[in-house]
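Undergrad: Below is a structure I'd like to ask you about.
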Amino acid sequence: MAPIVSIRNLTKSYASGFKALKGVDLDIEEGEILALLGPNGAGKTTMISIICGIVTPSGGSVTVAGHDILRDYRQTRSIIGLVPQELTLDAFETVWNTVAFSRGLHGCAPDPALIERILRELSLFDKKDTMLRHLSGGMRRRVLIAKALSYEPKVLFLDEPTAGVDVNLRKVMWQLVERLRAAGVTIILTTHYIEEAEEIADRIGVINHGEILLVEDKKALMAKLGRKQLTVELAEPVGAIPDTLSPFGLALGEAGTRLTYEFNASGERTGISSLLSALSQAGLRVKDISTEQSSLEDIFVELVGTSK
């Protein structure tokens, strides 16, 4: 099956000479949730803005459901939904009218039942006649989500959707994402909350300095790059690590009672058996052993750090 979004050699340069995107290649599969991670200024919003028709690319191509975003812009914009970072709304319009107008703007027939269902899902129905200027920031964020859902997009971009919002909205947001995925909607989100990406995404993409560093299945990424750390608690403290243990690259801490050993859990040999045997031969008695898996955040920080 062809990807629903296909990006090839996408570039964006500004008059100042700044290159926001440098030959990005990316395929997004229909029905998946792709989390795009990257520091501020990495190119996440620029890429999304190009796909959604807000920013013009300098080079390359993007197709959505087989349609070129420049040549077939009417078709692509009718199937793409966007929840932007910025709260840009008509302050003197009501919630209901804002959401209903967004549906009509995309050429969809009126559907009051759908609008009501969306507003109820986002806990906005009791505010349907309220002007947007009277809403809190969190409520206006919900209206942005409702606007994007009003015309039933096949592809939904969520650009930092939970940045600066309360825990309740974040929970509602992710419950809604799961329901949309179940309905076959493809979802691409950017987030600084790496734990959210780790929990909800099917694949993880990392972008920095306008370049895609990797795109991997979440589980495969964790298996490939995730390191484990073995912590050995010693029965008696030692002043230094014996020379016979130097091949293991151990670190000594906790007043001489703790040794830490990093290993690749997916490798053919972890070296743990050899380490425990070497500890015994060195006369060190083990009190306790524990392991800890590196998190997606650890992997992200390492990837971004190596791309500087």
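None of the figures in this text is laboratory data; all of them are computed from the coordinates on show. Everything numeric in this text was worked out from a predicted model, so none of it was measured. Cβ sites come from the backbone with ideal geometry, for glycine too, and all protein chains shown count toward neighbours.
Undergrad: Quick one: what do you get for segment 41-115 if you divide its Cα Rg by 2.2 N^0.38 Å?
TA: Rg over 2.2 N^0.38 Å, computed on Cα atoms: 1.29.
Undergrad: For segment 122-148 and segment 1-49, what is the separation of their Cα centres, given in Å?
TA: Value for the Cα centre distance between the two parts: 29 Å.
Undergrad: Zone of residue 175 (label point 7 Å along Cα→Cβ, backbone N under 16 Å): which residues in segment 90-119?
TA: Answer for segment 90-119: 117-119.
Undergrad: Report relative contact order for the chain in percent, whole number only (criteria: Cα-Cα under 8 Å, sequence separation at least 6).
TA: 19
Undergrad: Another one. Excluding residue 68 itself, what net charge comes from residues whose Cβ is under 15 Å from its Cβ, given Lys and Arg +1 and Asp and Glu -1?
TA: For residues surrounding residue 68, the net value is +3.
Undergrad: Still on this model: For the cross-link pairs 228/287; 44/219; 154/219; 154/218; 22/228, which exceed 27 Å when the distance is taken from alpha carbon to alpha carbon?
TA: 22/228
Undergrad: Among the lysines, which fall within straight-line cross-link reach of residue 147, defined as a Cα-Cα distance under 21 Å, with same-chain neighbours fewer than 8 residues apart omitted?
TA: 127, 128, 171
Undergrad: I want to verify the translational diffusion coefficient of segment 5-223 in µm²/s; compute it with Stokes-Einstein, Rh as the Kirkwood radius over Cα pairs, at 20 °C and 1.002 mPa s.
TA: 120
Undergrad: Grab the Cα-Cα distance for residue 2 and residue 134, subtract it from 0.36 nm times how many residues apart they are, and report the gain in nm with one decimal.
TA: 43.0 nm
Undergrad: Only helical DSSP H runs with n ≥ 4 go in: add -39500 (n - 2.57) per run for the chain, normalise by residue count and round the 222 nm mean residue ellipticity to 500 deg cm²/dmol.
TA: Using -39500 (n - 2.57) per qualifying helix, the result is -9500 deg cm²/dmol.
Undergrad: What residue among 35, 109, 240 has the largest mean-square fluctuation in a Gaussian network model of the chain, using Cα springs under 10 Å?
TA: With Cα springs under 10 Å in the chain, the top fluctuation among 35, 109, 240 is at 240.
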